[in-house]
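Heads up: the structure comes next, in structure tokens.
The values are calculated or read from the model by the stated rules, or taken from the named source; none is laboratory data. A quick note: this is a predicted structure, and the numbers were derived from the prediction, not measured. Cβ placement follows ideal geometry from the backbone for every residue including glycine, while neighbour counts extend to all protein chains displayed. Accessible surface is based on the protein model in full, side chains and every heavy atom, while ligands, DNA and RNA are left aside. Shrake-Rupley method; radii C 1.70, N 1.55, O 1.52, S 1.80 Å.
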Amino acid sequence: MKICQVCGKPIDVTSRAKKYCSPECRAKVKYERDRAWLAAHPEKAAEYSRRYYAANSDYCKAVSKEAYRKKCLEQYKKSES
């Protein structure tokens, strides 16, 4: 019987390569690994972001505009009540 490396729960072993008990634990480890890579390689991360924005500038602008609109609407509703 193996133990999950994240939460410590026992894992029903169907494969020797299994390390995590659930997709949530696997996602948590991936998130932490990705954040560690971003902290270790800020210049590469910035370059990836610049390239993504250049390739998808219309989409990025639309998402940003929508987020700003929602924020302003929430502030308006908050001040109104």
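Do any helices (runs of 4 or more DSSP H) lying entirely in the chain carry at least 2 residues that are of a type in the set (Ser, Thr, Tyr) and out of contact with any strand residue (DSSP E or B) (no Cβ under 9 Å at 6 or more places or on another chain), and which ones are they? Show your work before the answer.
Details: elements: 23-40, 42-55, 57-80.
Fully inside the chain and qualifying: 42-55, 57-80.
From the list TYR48, TYR59, pick out the single residue that is open to solvent by 70 Å² or more (accessible area, probe 1.4 Å), under 16 Å from the mean Cα position of the chain (by Cα) and modelled with pLDDT of 95 or more.
TYR48
Which residues, taken from the stretch 1-26, are open to solvent by less than 60 Å² (accessible area, probe 1.4 Å) and either within 30 Å of VAL63 (Cα to Cα) or touching a Leu at 6+ places or on another chain (Cβ under 9 Å) (or both)?
CYS25
For the stretch 62-81, give me each residue that is surrounded by fewer than 11 Cβ atoms within 10 Å (Cβ to Cβ) and either under 19 Å from the mean Cα position of the chain (by Cα) or among the polar types (S, T, N, Q) (or both). Step through it out loud before you land on a result.
Of the stretch 62-81, the ones surrounded by fewer than 11 Cβ atoms within 10 Å (Cβ to Cβ) are 64-81.
Matches in the stretch 62-81: SER64, ALA67, GLN75, SER79, SER81.
Which pairs do you get when a residue that is on the phi > 0 side of the Ramachandran plot, found in the stretch 40-64, comes within reach of a residue that is assigned to a helix (DSSP H, G or I), reach meaning Cβ atoms under 7 angstrom, with the pair 6+ apart or on two chains?
Hits for this filter: zero, empty list.
So, in the stretch 29-45, of the ones that are under 30 Å from LYS19 (Cα atoms) and among the charged types (D, E, K, R), which residue ends up farthest from the chain's Cα centre (by Cα)?
LYS44
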